[in-house]
Every structure is written in structure tokens, then in C-alpha cells.
Amino acid sequence: MRHFLKETDFKYSELEGLFALAREFKTGRGRHATPLAGQTWAMIFSKSSTRTRVSFEVGIHELGGNPLFLNRNDIQLGRGETIADTARVLSRYVHGLVVRTFDHAEVEQLAAQGTIPVINALTDLLHPCQIFADAFTLAERWGRDGNLVGSLRGRKIAFVGDRGCNVANSWIMGANLFGMKISLAGPPGFDAAPEFDQLLAREGFAGGYEFTTDPYEAVRDADVVYTDVWVSMGKEEETAERIRVMSPFTVTPELLAAAKPDAFFMHCLPAHAGQEVTQTVLDSPRSIIFDEAENRLHIQKAIMATLARR
Ligand code: CP
Ligand code: NVA
């Protein structure tokens, strides 16, 4: 059974085909493909979502399948039914699971206990669908048919702000997989969970990033400047402290100008203008934030088409 819980669940050699399929869906060449025909895919969400929920629901529908959205608190999982039993029961009804939750171990357990593909739609540890959409967005600009993924190799991404969050972790995994360099800047004390460095080591990427507390050092020679919210879902109690210590890390026009002249600005969204990024940067010609959001749909359709069992 094939799952997508982390970036490395795809081999590098598979990525060109995956991106090419996403491009087919995007350009309309693949619009008649219905690899999920007759299937129902359940989506268990324990956190809020705009992009992920809508792009998966639309994507499943466009692939010929039926999306079934399940708020965690509306099913017995929210009242303590075990993950193992939930996975076994849902495997009897539906053909795939898309899961957004807190503890990454939960998606791993659903994948291990069920008999259907599981897709990680964000955990506290990783957000791989976002990073594949981001990478596809960059490859559209830098690459050409037959060399989409290769166009990422050697490029540098700078992640500024909450360097221990799920999107930062996933970009570290992704950068190592794609052959990119990654430099992160943020305040000390907001490191990734220890399990992330263990995971990175298991994937053969130990130490595969640079970290600095100087955002200008991180963005030097960068092809991409990336940020995410300072207060991720589940961290709301730390809001005041996070805003205080992360305020030197706002992506301003001056910081973006310190990267390469043609560098792109990216953000997974939702954005908090005036905190992690200024409105001017969000609206600037270098900002490709809405292409990233759109590409969630196309790359996730390619991922589901790859994972679906016929
Ligand atoms: N980027 C992203 O995952 O957005 P949502 O939280 O709206 O799904
Ligand atoms: N780091 C953010 C990403 C939202 C898409 C969060 O987890 O809330």
C-alpha cells in the first residue's frame, strides 16, 4: 500500500513523472482522466483549512471520485475511538484517506493499520502536499517539459520566521530531495521537534540545512524567500511571545531585495500581513503566492492518481 506522509515517500526518479502529470491536469490535457471513478475518499480534518480542504474536495471530484469530509469531532475518533479501529473500519468503506491532524504519529498509525492509501494533509511535523505544490510552482518557471524537477537542482531557498514549523520542516525535506540548498533564519529557541532531526537522519539528510539568526545572511544569493505564519495551529497560547521574538524576521521589501534580483517570494497562506510579511511584499510582482495555492489542486490530483488502487 502506497502512502504520502512525507516528501521522501516519492523517489527522486518518480518526481518528473509526477510533475508532468500535474502539468497535464493543469493545462487541461488530463481533464478526462478519472482514476478515482467509483471511489470515495474520506478527509478527516482536526484543524481548520481553506486551501487543503477545497483543493482536495475539488480534486477528488475532478478525478471522478466522491469526497467525504469528516470533521474529527463529528466521528467517534473525536470521542476516543482508537486510530487502529478507525483505520480498519474506514478501510471497509472508502478507497483513500486524506488526514489533517496534530500528532504526526496519527497519520503513520492510520497508514499502518488501514488497507487504503493515506495522504498527509498537514501535521504538526510536516506539510508535504504544500511543498510539492511549491516545488511544482517553481519548476513551472525554471524548467521545461522533460526537465521540470531538474530545474530545482542547485537553487537556494531561504525560510525566514518560525523555522521549527511544519512547513519549514517539510521544505528542509523537500530541498534535500530536490537537490536544493536551504537556509533558515529565526529566533533561537524555536527549533524543530527532536523527532524531526531523527526523521531527517533516517532519510539520509542529517544536517541538510543551514540555520542563522540573521535573516539577511539567510536570504543572501537566495532564489526563493519563503515564510509562514508565526503562530501555527495549536500554538495559539504562545501568540504574544512568538510575535515578540519573531518580529525581527518580517519579510520586508528590503529583505526581499537582499536576495537575488529575480528571487520569488512564497508563502503557503494564510498570511498575516504586518507580522511575518508586509502587504507590499505579498502584493509585489515577485510574489507567487496564489500560483502556489492553485497548484495544490493540480499536484494533489497527480498524487492521488499515483496512489489510487484500481
Ligand atoms: N496552505 C494551507 O494548507 O492552507 P489551509 O490551511 O487553508 O489548508
Ligand atoms: N504552519 C501553519 C501552516 C498552515 C497551512 C500551521 O500549521 O498552522
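Kindly write out, for segment 268-279 in residue order, the coupling ³J(HN,Hα) from the Karplus curve 6.51 cos²θ - 1.76 cosθ + 1.60 (θ = phi - 60°), rounded to whole Hz, with x marking Gly and Pro.
5, 6, x, 9, 10, 4, x, 9, 6, 7, 8, 4
Helix-only estimate, please: 222 nm mean residue ellipticity of the chain, summing -39500 (n - 2.57) across DSSP H runs of length 4 or more and dividing by its residues, to the nearest 500.
-12500 deg cm²/dmol
Any idea what the dipole of segment 102-179 comes to, in debye rounded to 20, about its Cα centre with Lys/Arg Cβ at +1 and Asp/Glu Cβ at -1?
Dipole of segment 102-179, to the nearest 20 debye: 540 debye.
Say the dipole of segment 85-191 comes from +1 at the beta carbon of Lys and Arg and -1 at that of Asp and Glu; which of Gly146, Ala175, Ile131 then lies farthest toward its positive end?
Positive-end residue among those listed: Gly146.
Give the Kirkwood hydrodynamic radius (Å, one decimal) of segment 39-181, defined as one over the mean of 1/r across all pairs of different Cα atoms.
Hydrodynamic radius (Kirkwood, Cα only) of segment 39-181 equals 16.4 Å.
Cα-Cα over 22 Å: which of Lys156/Lys235; Lys181/Lys260; Lys6/Lys301; Lys11/Lys181; Lys47/Lys156; Lys235/Lys260?
The answer is Lys156/Lys235; Lys47/Lys156; Lys235/Lys260.
Under 5 Å between amide H atoms, partner at least 5 residues away or on a different chain: which partners does Phe4 have, H built in plane at 1.01 Å?
Val118, Ile119, Asn120
Taking amide H positions as placed 1.01 Å from N in the peptide plane, with prolines and chain starts having none, which residues 5 or more places from Val251, or on another chain, fall under 5 Å of its amide H?
Val277, Thr278
Could you derive backbone 3J(HN,Hα) for segment 54-60 from the dihedral phi with the Karplus parameters 6.51, -1.76 and 1.60 (θ = phi - 60°), listing whole Hz in sequence and x where the residue is Gly or Pro?
For segment 54-60, the Karplus-derived couplings read 5, 5, 6, 4, 5, x, 4 Hz, x marking Gly and Pro.
For segment 1-114, just the Cα set please: Rg and Dmax, both in angstrom.
For segment 1-114, the Cα-based Rg and Dmax read 15.0, 45 Å.
Output the 0 to 90 degree angle, nearest 10, between the alpha-carbon long axis of helix 104-113 and the longest principal axis computed from the alpha carbons of the chain.
The angle comes out near 30 degrees.
From Cα pairs below 8 angstrom and at least 6 apart in sequence, can you work out the relative contact order of segment 1-120, rounded to a whole percent?
Computed value for segment 1-120: 32 percent relative contact order.
For labels at Val245 and Gln279 in the simple 7 Å Cα→Cβ model, what's the distance in nm?
Here the answer is 3.0 nm between the modelled labels.
So for segment 117-253, averaging the separation of alpha carbon pairs under 8 Å that are six or more residues apart and normalising by length, what relative contact order in percent results?
This gives 26 percent for segment 117-253.
For segment 201-310, divide the Cα radius of gyration by the Kirkwood radius and give the resulting Rg/Rh value with two decimals. If you can, show how the numbers build up before the last one.
Values: Rg = 16.5 Å, Rh = 16.0 Å.
Expressed as Rg/Rh, it is 1.03.
So who's got an amide H within less than 5 Å of the one on Leu184, skipping anything under 5 residues away but keeping other chains? H placed 1.01 Å off N, in plane.
Phe159, Glu210, Phe211, Thr212
Can you give the convex hull volume per residue for the Cα atoms of segment 105-186, as a whole number of Å³?
Hull volume over Cα atoms, normalised by residue count, gives 99 Å³.
What list of ³J(HN,Hα) values in whole Hz, one per residue of segment 169-174 in order, does the Karplus curve 6.51 cos²θ - 1.76 cosθ + 1.60 (θ = phi - 60°) give from phi, with Gly and Pro shown as x?
4, 5, 5, 5, 4, x
Given a cut-off of under 8 Å on Cα pairs at least six residues apart, what relative contact order in percent is computed for the chain? Walk me through the intermediate numbers first.
Numbers: 602 pairs, mean separation 63.1, N = 310.
Reported relative contact order: 20 percent.
Taking every pair of alpha-carbon atoms in the chain, what share in percent sits in each 20 Å bin, from 0 to the bin with the longest distance?
Bin by bin from 0 Å, the calculated values are 34, 58, 7.
Every number here is computed from the coordinates shown, using simple stated rules; none is lab data. As the structure is a prediction and not an experimental result, all values here were calculated from the model. As a convention, Cβ positions derive from the backbone with ideal geometry for all residues, glycine included, and neighbour counts pool all protein chains shown.
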